[in-house]
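Here's the structure, in structure tokens; my notes come after.
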Amino acid sequence: MKNKTIKPGKNRKRTLTGVYHIKRKLLVAPLDKALEKQVNRKRVSLRKGDTVKVLVGSNKGKTSTVERVNYDKGVVYLKDFKVTNSRGQEKLLPFQASNLIITNLVLTDKKRLIVKKPKKQNI
């Protein structure tokens with residue numbers, strides 16, 4: 001989403017109260033170097049089933065698959081990372097998409113990585 005203003009409050013409001021299809025485009029993560037060359041993109045929006053590697057925090061360097069993606073909150077839940085709450089229930093630990101790197105993609109959806117045609121140059 002292109003920022004039309006430099007005011008931080010307006011930018012925060014736009015990400016929190018935005019439309020669903022815009023929020024989906026904001027939840028992207030960078031690709032691994034090998035995968036980047038294969039797909040010819042630098043970053044892709046996350047979806048369930050993608051394999052990711054954690055870049056920051058106490059779980060740095062660990063790999064897991066995406067269990068759930070919450071576009072409203074802007075977080076990703078990974079399969080192997082759980083925390084126990086005060087009631088004794090196990091909950092999935094939320095991660096920011098910018099703190100992850102995608103190592104393997106789910107390519108069952110044909111429309112996920114549409115190859116764009118190069119623009120014709122007028123001579």
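The values are calculated or read from the model by the stated rules, or taken from the named source; none is laboratory data. Note that this is a predicted model, so its numbers are computed, not measured. A quick note on method: Cβ atoms are made from the backbone with ideal geometry, for glycine too, and the neighbour counts reach across all protein chains shown.
Between K33, K7, K79, K25, the distinction of being of a type outside the set (A, V, I, L, M, F, W, C) and under 21 Å from I114 (Cβ atoms) belongs to K25 only.
So if I check each of L113, L78, which one is closer than 26 Å to T15 by Cα and crowded, with 16+ Cβ neighbours inside 10 Å?
L78
Taking segment 49-58 as the range and being surrounded by fewer than 14 Cβ atoms within 10 Å (Cβ to Cβ) and among the hydroxyl-bearing types (S, T, Y) as the test, only S58 passes.
Kindly establish whether E90 is at pLDDT 95 or above, out of contact with any Cys (no Cβ under 7 Å at 6 or more places or on another chain), surrounded by 10 or more Cβ atoms within 10 Å (Cβ to Cβ) and acidic (D, E). Please lay out each step first, then the result.
Values: at pLDDT 95 or above: yes; out of contact with any Cys (no Cβ under 7 Å at 6 or more places or on another chain): yes; surrounded by 10 or more Cβ atoms within 10 Å (Cβ to Cβ): no; acidic (D, E): yes.
In short, no.
Name the single residue that is nearest to the chain's Cα centre (by Cα) among those in segment 30-55 being among the β-branched types (V, I, T) and modelled with pLDDT of 95 or more. Walk me through it before giving the result.
Keep residues of segment 30-55 that are among the β-branched types (V, I, T), which gives 39, 44, 51-52, 54.
Pick out the ones that are also modelled with pLDDT of 95 or more and you get 51-52, 54.
Values: T51: 11, V52: 10, V54: 12 Å.
Only one residue fits best here, namely V52.
Pairs linking a residue in segment 16-29 that is β-branched (V, I, T) to a residue that is modelled with pLDDT of 85 or more and surrounded by 11 or more Cβ atoms within 10 Å (Cβ to Cβ), with Cβ atoms under 8 Å and 6 or more positions apart or on different chains, are V28/R43; V28/V44; V28/S45; V28/L46; V28/A97. Can you confirm whether G61 is in contact with a Lys or Arg (Cβ under 8 Å, 6 or more places away or on another chain), modelled with pLDDT of 95 or more, surrounded by fewer than 12 Cβ atoms within 10 Å (Cβ to Cβ) and assigned to a loop (DSSP other than H, G, I, E, B)? Criteria met by G61. Among residues of segment 63-84 that are touching a residue at least 40 places away in the same chain (Cβ under 8 Å) and within 14 Å of G49 (Cβ to Cβ), those with a beta-carbon under 9 Å from a residue that is among the basic types (K, R) and assigned to a loop (DSSP other than H, G, I, E, B) at least six positions away or on a different chain give the pairs V69/R47; V69/K48.
Is it true that L107 is touching a strand residue (DSSP E or B) at 6+ places or on another chain (Cβ under 9 Å), modelled with pLDDT under 90 and part of a loop (DSSP other than H, G, I, E, B)? Step through it out loud before you land on a result.
Numbers: touching a strand residue (DSSP E or B) at 6+ places or on another chain (Cβ under 9 Å): no; modelled with pLDDT under 90: yes; part of a loop (DSSP other than H, G, I, E, B): yes.
Criteria not met by L107.
In this structure, R87 does not qualify as assigned to a loop (DSSP other than H, G, I, E, B) and within 15 Å of the chain's Cα centre (by Cα). Looking only at residues of segment 1-48 that are under 19 Å from F95 (Cα atoms) and among the hydrophobic types (A, V, I, L, M, F, W, C), we find that the one that is surrounded by the fewest Cβ atoms within 10 Å (Cβ to Cβ) is L16.
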